[in-house]
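Chemist: Structure incoming, see below.
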Amino acid sequence: MNCETAKTIKLSSILDQIGACKIRTSNNEIWYLSPFRKEQTASFKVDLHKNVFYDFGEGFGGNVLDFVMRYYQCDIPNALKILRENFNSFSFQQQPIPVLNEKVSSKKNYEITTVQTLSNPVLMDYLKSRKLNLELCRNYLCEVHYQLNGKNYFGVGFKNDQNGFEIRNKYVKLCLGKKWFTHIKNESKSAVILESWSDFMALLTLHPKLEKTHDFVILNSLVLSSKIDPIMERYERIFLTLDSDEAGSKVTQKLLEKGNGKCTDFRNIFSNSKDLNEFLIKKSPVKNNRRL
């Protein structure tokens, strides 16, 4: 997939897939509650004819690639990868746009029908493909069945501290409910900050003894790094294991500055890899003797 092809994917379809809350449509426009933050009044507009968006709350807009890079905090190559792997089922051809004048209910367009212990073979195979320890996964992940726009889906679920669920399977990456971080407490004086649940599970798969010796903060989105200042103040030592890409490096630097000396950039434990899960999958022969 190239940039021009990516820009033909319907933005409204992507927003539906990630569970964005649609408020109303009018004159070839759809208004949503911004997927970038919590709000009560819709300030996020999609122009259906031009296939672009504008977030009035942030004064920022753009095309499909701009949205994906902002939402997933990634660069263009990774945005293309996300679109190819997660939204490939959508038609790349723009469909004729009807004139829309009806109002759309502000009610959320998804419903969680079942939350249960992981058991579906498809999801277990997905976790195995990421080389994650299944026993550990069952301690922190669940199986979520949900309806989205009237269709039934299921995925691996990881609950955040606002009762939202990060949903993943081979084809989908979305959040049901409010996007927020997950704070796992073991009454420790040290904490490990990670970017995603897959990195958290990869860390425990690689170093199972860490499970009860540290607290953990899984951001679920780099944007939420700005919300964890009160949590950081509780700890004597903080280990940062965010992704080694440009976005992860920028947030790591900001947290190092905020930490006033108690934060350590610990990304060398997955050297030569983008993140912990990639490191685990690659089974890198590079050994690192540093310990948390």
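Chemist: Kindly indicate which of Lys258, Lys262 is out of contact with any Leu (no Cβ under 8 Å at 6 or more places or on another chain) and either modelled with pLDDT under 95 or polar (S, T, N, Q) (or both).
Modeler: Values: Lys262 fails: either modelled with pLDDT under 95 or polar (S, T, N, Q) (or both).
Among Lys258, Lys262, only Lys258 is out of contact with any Leu (no Cβ under 8 Å at 6 or more places or on another chain) and either modelled with pLDDT under 95 or polar (S, T, N, Q) (or both).
Chemist: Take the residues of segment 1-30 that are in contact with a strand residue (DSSP E or B) (Cβ under 6 Å, 6 or more places away or on another chain) and of a type in the set (Gly, Ala, Ser): which is surrounded by the most Cβ atoms within 10 Å (Cβ to Cβ)?
Modeler: Selected residue: Ala20.
Chemist: Also: Among the residues of segment 178-211, write down those that are touching a strand residue (DSSP E or B) at 6+ places or on another chain (Cβ under 6 Å) and farther than 15 Å from Leu242 by Cα.
Modeler: The answer is His183, Ile184, Lys185, Asn186, Ser188, Ser190.
Chemist: Enumerate the pairs (first residue in segment 42-61 and under 15 Å from Ser13 (Cβ atoms); second residue anywhere and basic (Lys, Arg) and not in a loop (DSSP other than H, G, I, E, B)) with beta-carbon separation below 7 Å, excluding pairs fewer than 6 apart on the same chain, so at least 6 apart or on different chains.
Modeler: Hits for this filter: Phe53/Lys45.
Chemist: Quick check: is even one residue across segment 96-114 basic (Lys, Arg) and modelled with pLDDT of 95 or more?
Modeler: No, there is no match, as no residue in segment 96-114 is basic (Lys, Arg) and modelled with pLDDT of 95 or more.
Chemist: Still on this structure: Which pairs do you get when a residue that is touching a residue at least 40 places away in the same chain (Cβ under 8 Å), found in segment 269-282, comes within reach of a residue that is crowded, with 22+ Cβ neighbours inside 10 Å and part of a loop (DSSP other than H, G, I, E, B), reach meaning Cβ atoms under 7 angstrom, with the pair 6+ apart or on two chains?
Modeler: These pairs meet every condition: Asp275/Glu195; Asp275/Asp243.
Chemist: Kindly provide the set of residues from segment 139-193 that are within 25 Å of Leu33 (Cα to Cα), at pLDDT 90 or above, outside any strand (DSSP E or B) and among the polar types (S, T, N, Q), ordered by number.
Modeler: Asn160, Gln162, Asn163
Chemist: Checking Tyr153 against (1) surrounded by 15 or more Cβ atoms within 10 Å (Cβ to Cβ); (2) in contact with a His (Cβ under 9 Å, 6 or more places away or on another chain); (3) touching a residue at least 24 places away in the same chain (Cβ under 8 Å), which test does it fail?
Modeler: Failing condition for Tyr153: (3).
Chemist: Which residues, taken from segment 137-150, are surrounded by fewer than 16 Cβ atoms within 10 Å (Cβ to Cβ) and farther than 28 Å from Ser12 by Cα?
Modeler: Listed by number, the residues that qualify are Arg138, Asn139.
Chemist: Residues being in contact with a strand residue (DSSP E or B) (Cβ under 9 Å, 6 or more places away or on another chain) and over 21 Å from Lys250 (Cβ atoms): count how many of those fall in segment 212-225. Steps first, answer last, please.
Modeler: Keep residues of segment 212-225 that are in contact with a strand residue (DSSP E or B) (Cβ under 9 Å, 6 or more places away or on another chain), which gives 213-221, 225.
This time we only want the ones that are over 21 Å from Lys250 (Cβ atoms), so: 213-216.
Of the residues in that region, 4 qualify.
Chemist: Please state which one of Leu33, Leu48 is hydrophobic (A, V, I, L, M, F, W, C), surrounded by 15 or more Cβ atoms within 10 Å (Cβ to Cβ) and at pLDDT below 90.
Modeler: Leu33
Chemist: Cβ contacts < 7 Å: first residue free of Cβ contacts under 8 Å to residues at least 60 places away in the same chain, restricted to segment 165-183; second residue among the basic types (Lys, Arg), any location; separation 6+ or different chain. Result?
Modeler: Phe165/Lys159; Phe181/Lys227; Thr182/Lys159
Chemist: How many residues are in contact (Cβ under 8 Å) with a residue 60 or more places away in the chain, more than 9 Å from the chain's Cα centre (by Cα) and crowded, with 23+ Cβ neighbours inside 10 Å when one looks only at segment 184-195?
Modeler: Within segment 184-195, residues that are in contact (Cβ under 8 Å) with a residue 60 or more places away in the chain, more than 9 Å from the chain's Cα centre (by Cα) and crowded, with 23+ Cβ neighbours inside 10 Å number 3.
The values are calculated or read from the model by the stated rules, or taken from the named source; none is laboratory data. Remember, predicted model here, so these are calculated numbers, not experimental data. With ideal geometry, Cβ positions are generated from the backbone for all residues, glycine too; neighbour counts draw on all protein chains shown.
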